[in-house]
Amino acid sequence: KMNTCNHLRHVESMATLPSGAGKISHLNSVILGEDLASEENDLVFPSNHFSSQALVSSPEKYLEMYKRSIEDPAGFWSDIASTFYWKHQWNQPVFSENLDVTKGTINIEWFKGGITNICYNALDRNIDAGNGSKIALYWEGNEPDVDASLSYSQLLDKVCQLANYLKDIDVKKGDAVIIYLPMLMELPIAMLACARIGAVHSVVFAGFSAESLSQRIVDCKPKAVITCNAVRRGPKVINLKEIVDAALVESTKNGVSVDVCLTYENQSAMKREATKWQEGRDVWWQDIIPTYPTTCEVEWVDAEDPLFLLYTSGSTGKPKGVLHTTGGYMVYTATTFKYAFDYKPSDIYWCTADCGWITGHSYVTYGPLLNGASVIIFEGAPNYPDSGRCWDIVDKYKVTIFYTAPTLVRSLMRDGDEYVTRCSRKSLRVLGSVGEPINPSAWRWFFNVVGDSRCPISDTWWQTETGGFMITPLPGAWPQKPGSATFPFFGVLPVIVDEKGTEIEGECSGYLCVKNSWPGAFRTLYGDHERYETTYFKPFPGYYFSGDGCSRDKDGYHWLTGRVDDVINVSGHRIGTAEVESALVSHPKCAEAAVVGVEHEGIYAFVTLVEGVPYSEELRKELIVAVRKQIGAFAAPDKIHWAPGLPKTRSGKIMRRILRKIASKQLDELGDTSTLADPSVVDQLIELSDC
Ligand code: WT7
């Protein structure tokens, strides 16, 4: 049995702290703005009105459920899992417990032996429950007057047609399919079609370059690639098919050729006549998919059969194929969605994330659809035609739950309140944030201006690897603190450990780990189980290591402090510094590069040039192009800092700590530089700051 006492103790102490959510009901008196003395201690209470209708309406209710989830995880999760459709019941024990590498290989399993299908549970099950004519997807195009929608029944028809086609081209259970699509309805349709036939989808964000796409194709060897010819984002047209063509040529050179490239004709962006075509390999979606029957038998799979692969950055150059399986992921994404957003069947839900990232998997596609929700898919850019687009969409569809990233909140905040206040936003009732810590001033703006001081904010901490929310407010239960992700979700036992891997209690800060198994956890890194164990389970034996720093305050609230490894988070997207560095040094004039993330600023690259090469504006641009080409535009450095020398230890290790301080202009916090091989490079770098 796990030792859960310490954790429960500090959560329990919270149960008495807020003196019941009902007592203080006037949020506006709590949230006053920037002039508050100690922002970390401000509590923002959900209103009586909100709490009284909430699924979890008080800290006490949360605690009761949380306690059970920790003390009897098998019972807790089995009860929830029973509300889904299973062709056969799972085996006992319900899950495998070991997270300790010193006790044997990590082999996480949940509901093993249970036979189900996530597409069936998301579509057929909801239709059978009478929701066939409810809207599943509202699609809002790049241009404000272009839209479409699909009911649950219509969505099922489309999914079945594509699933039948995939079967026809010999995609079988366990085969990989790469999806490289922008935010069209065809993207979730393609994911669900794969799931229906037991194929493993791997969505590649359509902002990745041909080289990145090819790297992923070579790694997972898909039976088919699903894409579209082009997309419009804001005023720009991006020719996606050209990127796919280049990626497929590159993959063939590396020994992996793909037989089928199913291409959706995205007419508003580009006509088919303008699209380059390879006969025999390329197939127009519109020509073939509608010819297939609208029903398709489900492939029943084991709970532990793979559902999808999603590549994410690690601290080395090679992206990791995070593998999620079916049963646990299904139960976990659906349950976290329901509670963290206090979901009700009447909600209209909009998550601004792209399905190319985990947020789009768990909280655009699977979590919401498993709950029978109406989901908005937005093709365009949040500042097109102007900075009020998000709030126009909120009013147009009467969005009730709005989930986004701090980077978008900050950018819309900079654009001015008038874009927000010109819209009503009356429909909103819950807001959400994800991707990086949300700074208290952005939190307040989101809360006061966007949500009219009425809507709780769920600041959800989680990762590609965790599958779903790990630490998150339940909006009706807890008083919030701006910038804190608050408390663990049901069944999650987060701990903070010190350098030596010893758990620390009470008010503390250290490395964030998880002590127990939860259903949504990833099961391996595709083709590299050893890297999985080394990266996540060896740093602190006995625990899953998140890679994040975290502190816990006297009330037990969790405050995420950012990555402690060489991974940076920009605009809610994860990028490995090593990947950007390798793209930079691929430029023949770049000898060495060191990349750091700077809070709210993005990617900051220090570059050392080849002996004798002068630094110039032209070279700066070329270096940025190198990164765009190798990874994608979203990974392009925001700043290139010319570094004739880099701060290194005598053993040659770059001291990023110092680079981070220089990049964020915290020059009085450089710390000890005496261990550097050549301390004078630091002054030189500071001098060159504004080059
Ligand atoms: C990393 C995971 C999970 C979906 C989006 C990113 C950071 C994520 C929060 C939050 C503070 C956060 C962490 C984490 N992160 N959400 N609410 N507060 N930090 O997924 O690409 O797998 O990145 O994003 O650093 O480790 P991802």
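The values are calculated or read from the model by the stated rules, or taken from the named source; none is laboratory data. Every value quoted in this text rests on a predicted model; they were computed, and no experiment measured them. Using ideal geometry, Cβ is built from the backbone for each residue, glycine included, and neighbour counts are taken over all protein chains shown.
If you go through the range 357-377 one residue at a time, do you hit one that is surrounded by fewer than 24 Cβ atoms within 10 Å (Cβ to Cβ), free of Cβ contacts under 8 Å to residues at least 40 places away in the same chain, more than 16 Å from the ligand (Cβ to nearest atom) and over 21 Å from the mean Cα position of the chain (by Cα)?
Within the range 357-377, not a single residue is surrounded by fewer than 24 Cβ atoms within 10 Å (Cβ to Cβ), free of Cβ contacts under 8 Å to residues at least 40 places away in the same chain, more than 16 Å from the ligand (Cβ to nearest atom) and over 21 Å from the mean Cα position of the chain (by Cα).
How many of the residues in the range 599-612 are over 14 Å from Ala643 (Cα atoms) and buried (at least 19 other Cβ atoms within 10 Å of the Cβ)?
Within the range 599-612, residues that are over 14 Å from Ala643 (Cα atoms) and buried (at least 19 other Cβ atoms within 10 Å of the Cβ) number 2.
Out of curiosity, is Leu493 more than 23 Å from Leu43 (Cα to Cα) and within 13 Å of the ligand (Cβ to nearest atom)?
Details: more than 23 Å from Leu43 (Cα to Cα): yes; within 13 Å of the ligand (Cβ to nearest atom): no.
No, not satisfied.
Just to be sure before I move on: is Gly510 within 16 Å of the ligand (Cβ to nearest atom), among the small types (Gly, Ala, Ser), part of a strand (DSSP E or B) and at pLDDT 95 or above in the structure I sent?
Yes: the conditions hold for Gly510.
I need the full set of residues from the range 259-272 which are in contact with a helix residue (DSSP H, G or I) (Cβ under 7 Å, 6 or more places away or on another chain) and touching a residue at least 60 places away in the same chain (Cβ under 8 Å), in order please. Walk me through how you get there before you give the answer.
Keep residues of the range 259-272 that are in contact with a helix residue (DSSP H, G or I) (Cβ under 7 Å, 6 or more places away or on another chain), which gives 261-265.
Residues satisfying the conditions are Leu262, Tyr264.
Tally time: how many residues in the range 57-79 are surrounded by fewer than 18 Cβ atoms within 10 Å (Cβ to Cβ) and among the β-branched types (Val, Ile, Thr)?
Residues meeting the conditions: 0.
Filter the range 664-691 down to residues that are touching an Asp or Glu at 6+ places or on another chain (Cβ under 8 Å) and in a helix (DSSP H, G or I), then give me how many there are. Give the steps one after another, and end with the answer.
As a first pass, look at the range 664-691 and keep what is touching an Asp or Glu at 6+ places or on another chain (Cβ under 8 Å): 664.
Right, trim to in a helix (DSSP H, G or I) and you get none.
Number of matching residues: 0.
Please list, ordered by residue number, the strands (runs of 3 or more DSSP E) wholly in the range 237-319 having 3 or more residues that are under 28 Å from the mean Cα position of the chain (by Cα) and within 16 Å of the ligand (Cβ to nearest atom).
Counting at least 3 such residues, we get 306-312.
Based on what the data block shows, is Pro182 touching a Pro at 6+ places or on another chain (Cβ under 9 Å) and on the phi < 0 side of the Ramachandran plot?
Considered against the rule, which asks whether it is touching a Pro at 6+ places or on another chain (Cβ under 9 Å) and on the phi < 0 side of the Ramachandran plot, Pro182 comes out as no.
What is the one condition in (1) crowded, with 17+ Cβ neighbours inside 10 Å; (2) of a type in the set (Lys, Arg); (3) farther than 27 Å from Pro182 by Cβ that Lys158 does not satisfy?
(3) is the only condition that Lys158 fails.
Among the residues of the range 75-92, is any within 30 Å of Leu323 (Cα to Cα), part of a loop (DSSP other than H, G, I, E, B) and touching a helix residue (DSSP H, G or I) at 6+ places or on another chain (Cβ under 6 Å)?
Scanning the range 75-92, I find at least one residue that is within 30 Å of Leu323 (Cα to Cα), part of a loop (DSSP other than H, G, I, E, B) and touching a helix residue (DSSP H, G or I) at 6+ places or on another chain (Cβ under 6 Å), so the answer is yes.
Condition first: in a loop (DSSP other than H, G, I, E, B) and surrounded by 15 or more Cβ atoms within 10 Å (Cβ to Cβ). Now tell me which residues in the range 99-111 satisfy that.
Residues satisfying the conditions are Leu99, Ile106, Ile108, Glu109, Phe111.
So which of Pro406, Pro382 is more than 17 Å from Asp347 (Cα to Cα) and in contact with a Lys or Arg (Cβ under 6 Å, 6 or more places away or on another chain)?
Exactly one residue qualifies, and that residue is Pro382.
Which of the residues that make up the range 539-571 are surrounded by fewer than 20 Cβ atoms within 10 Å (Cβ to Cβ), within 12 Å of the ligand (Cβ to nearest atom), over 16 Å from the mean Cα position of the chain (by Cα) and of a type outside the set (Ser, Thr, Tyr)?
Within the range 539-571, Gly549, Trp559, Val564, Asp565 meet the criteria.
Filter the range 634-650 down to the residues that are of a type in the set (Phe, Trp, Tyr) and part of a helix (DSSP H, G or I) and list them by number.
Phe634
Yes/no per residue for (1) surrounded by fewer than 24 Cβ atoms within 10 Å (Cβ to Cβ); (2) assigned to a strand (DSSP E or B); (3) in contact (Cβ under 8 Å) with a residue 12 or more places away in the chain; (4) away from the ligand (no atom under 16 Å from the Cβ):
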| residue | (1), (2), (3), (4) |
| --- | --- |
| Phe469 | no, no, yes, no |
| Ser484 | no, no, yes, no |
| Gly506 | yes, no, yes, yes |
| Gly527 | yes, no, yes, yes |
| Thr534 | yes, no, no, yes |
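Return the residues of the range 364-401 that are in a helix (DSSP H, G or I) and of a type in the set (D, E, K, R); say none if nothing qualifies. Even if it seems obvious, please write down each step before you answer.
First, pick out the residues of the range 364-401 that are in a helix (DSSP H, G or I): 364-370, 389-397.
The answer is Arg389, Asp392, Asp395, Lys396.
Can you pull out the residues in the range 320-349 that are within 16 Å of the ligand (Cβ to nearest atom) and not in a helix (DSSP H, G or I)?
Listed by number, the residues that qualify are Lys320, Gly321, Val322, Leu323, His324, Phe341.
Can you tell me which residues in the range 93-143 are within 30 Å of His529 (Cα to Cα) and of a type in the set (D, E, K, R)?
Glu97, Asp100, Lys103, Glu109, Lys112
Which pairs turn up if I take residues in the range 432-449 that are among the β-branched types (Val, Ile, Thr) and modelled with pLDDT under 95 and look for partners that are in a loop (DSSP other than H, G, I, E, B) and more than 6 Å from the ligand (Cβ to nearest atom) with beta carbon separation below 8 Å, at least 6 apart in sequence or on another chain?
Short answer, once both residue conditions are applied: Ile438/Pro482; Ile438/Gly483.
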